[in-house]
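In what follows, a single structure is set out as structure tokens and then discussed.
The values are calculated or read from the model by the stated rules, or taken from the named source; none is laboratory data. It should be emphasised that the depicted structure is a prediction, and the values quoted were computed from it without experimental measurement. Backbone-built Cβ (ideal geometry, glycine too); neighbour counts: all protein chains shown.
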Amino acid sequence: MFLIDSQKNILAKITISEINENLYIGDITDDYLPDKIRETFLRYEEIINGQMFSLLDEIETEINGFGLAVSQENDFKAFSIRDLQMMSDGKISFRMPETKLTVEQATINTQLRIDR
Amino acid sequence: MMKMDDSLRKLRTALLFLINSVNWLMPKGISGECHIVHRIGGGDVNNLKLQPLEKQLEPPGISVLCGKSAYDASKQLKKAFPNATRLHEKAKTVGSAQLDDIKKVGFDVMPDPTKKFPNHGRLIHPEGVSGFNDINASKIISGI
């Protein structure tokens, strides 16, 4: 699975390890994040770990403004996501309410993509 | 000039403090009344200190969650941030206090709902940043 921007540029490769209802949890195995996005998620992590929740809505609006999505198909069909969280230790999670995949589907498709 | 700015800032903080005290009776986004609040990480003095970004808030303050139990607060937080391992570690300890006890030692909690936490509140002090000192913080801890 890939994290992509609104122009469908690949920003990160993701391995999904757990799906709980519409919550997808995994690891970033490789990333090409632009500095602005990386810096924003570092700030987001600081706010979360510092439990400075008064600042949550503002930074989450900023993150939503990036228009990030995920893709797993070869045709780069984008799946919209919400509540994207990326941590500096490489952990990633997001919610994908409109599409249901199994861990196997996500993993197999990512493998296919990397093999080509 | 600087002293005037400080005085105005303190006056503004005090006014906001009063307004928020009234608002708590009918907090927006929070269903039901809030009698007890929880602070992830427990009631250690260091866990009640303002961080630089929190000093810039109007009024300055730290996050608390309103709810029935410390367990609920911890569970809510882990669900909201499934990968935040550092925060999960902190959430093993939760400090809880009655709103009345917080008020008795000079602090208050203003409703500050967010999309993730409609039960989010902000612990504030009428003196603003300077109110968050070790002496005042220890008064809250003694009440926990």
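Among the strands (runs of 3 or more DSSP E) contained in segment B:35-99, which hold 2 or more residues that are crowded, with 18+ Cβ neighbours inside 10 Å and either of a type in the set (Asp, Glu) or facing chain A (nearest Cβ under 10 Å) (or both)? Break it down into steps so the answer makes sense when it comes.
Details: elements: B:36-40, B:62-66, B:94-98.
In segment B:35-99, the matching strands (runs of 3 or more DSSP E) lie at B:36-40, B:62-66.
Which count do you get for residues in segment A:58-80 that are farther than 12 Å from A:Thr40 by Cα, without any contact (Cβ under 8 Å) to a residue 24 or more places away in the chain and not acidic (Asp, Glu)? Show your work before the answer.
To start, the set of residues in segment A:58-80 that are farther than 12 Å from A:Thr40 by Cα comprises A:67-80.
If we keep only those that are without any contact (Cβ under 8 Å) to a residue 24 or more places away in the chain as well, we get A:75, A:77, A:79-80.
Okay, now just the ones that are also not acidic (Asp, Glu), so A:77, A:79-80.
Number of matching residues: 3.
How many of the residues making up segment A:59-83 are within 11 Å of chain B (Cβ to nearest Cβ) and surrounded by 17 or more Cβ atoms within 10 Å (Cβ to Cβ)?
3
Given the residues B:Leu48, B:Leu87, B:Leu123, which is the only one that is under 26 Å from A:Tyr44 (Cα atoms) and free of Cβ contacts under 8 Å to residues at least 60 places away in the same chain?
Numbers: B:Leu48 fails: free of Cβ contacts under 8 Å to residues at least 60 places away in the same chain; B:Leu123 fails: free of Cβ contacts under 8 Å to residues at least 60 places away in the same chain.
Criteria check complete, one pass: B:Leu87.
For A:Arg95, state whether it is touching a helix residue (DSSP H, G or I) at 6+ places or on another chain (Cβ under 7 Å), among the basic types (Lys, Arg) and within 14 Å of chain B (Cβ to nearest Cβ). Step through it out loud before you land on a result.
Working: touching a helix residue (DSSP H, G or I) at 6+ places or on another chain (Cβ under 7 Å): no; among the basic types (Lys, Arg): yes; within 14 Å of chain B (Cβ to nearest Cβ): yes.
In short, no.
Could you check segment B:100-126 and list, in sequence order, the residues that are facing another protein chain (nearest Cβ under 9 Å), farther than 12 Å from B:His38 by Cα, surrounded by 15 or more Cβ atoms within 10 Å (Cβ to Cβ) and among the charged types (D, E, K, R)?
Those that are facing another protein chain (nearest Cβ under 9 Å), farther than 12 Å from B:His38 by Cα, surrounded by 15 or more Cβ atoms within 10 Å (Cβ to Cβ) and among the charged types (D, E, K, R): B:Asp112, B:Lys116.
Restricting to segment B:51-84, count the residues that are of a type in the set (Ser, Thr, Tyr) and in contact (Cβ under 8 Å) with a residue 60 or more places away in the chain.
Looking only at segment B:51-84, we keep the residues that are of a type in the set (Ser, Thr, Tyr), and these are B:63, B:69, B:71, B:74.
After this cut, where a residue has to be in contact (Cβ under 8 Å) with a residue 60 or more places away in the chain as well, the list is B:63.
Within segment B:51-84, residues that are of a type in the set (Ser, Thr, Tyr) and in contact (Cβ under 8 Å) with a residue 60 or more places away in the chain number 1.
For B:Ile144, indicate whether it is modelled with pLDDT under 95 and crowded, with 20+ Cβ neighbours inside 10 Å. I'd like the intermediate steps shown before the answer.
Working: modelled with pLDDT under 95: yes; crowded, with 20+ Cβ neighbours inside 10 Å: no.
So B:Ile144 does not fit the description; no.
Among the residues of segment A:38-46, is any under 14 Å from the mean Cα position of the chain (by Cα), closer than 27 Å to A:Thr102 by Cα and in a helix (DSSP H, G or I)?
Yes, the conditions are met somewhere in segment A:38-46.
Do we have any residue at all in segment A:61-71 that's in contact with a helix residue (DSSP H, G or I) (Cβ under 8 Å, 6 or more places away or on another chain), in a helix (DSSP H, G or I), under 19 Å from A:Pro97 (Cβ atoms) and not basic (Lys, Arg)?
Yes - at least one qualifying residue is present in segment A:61-71.
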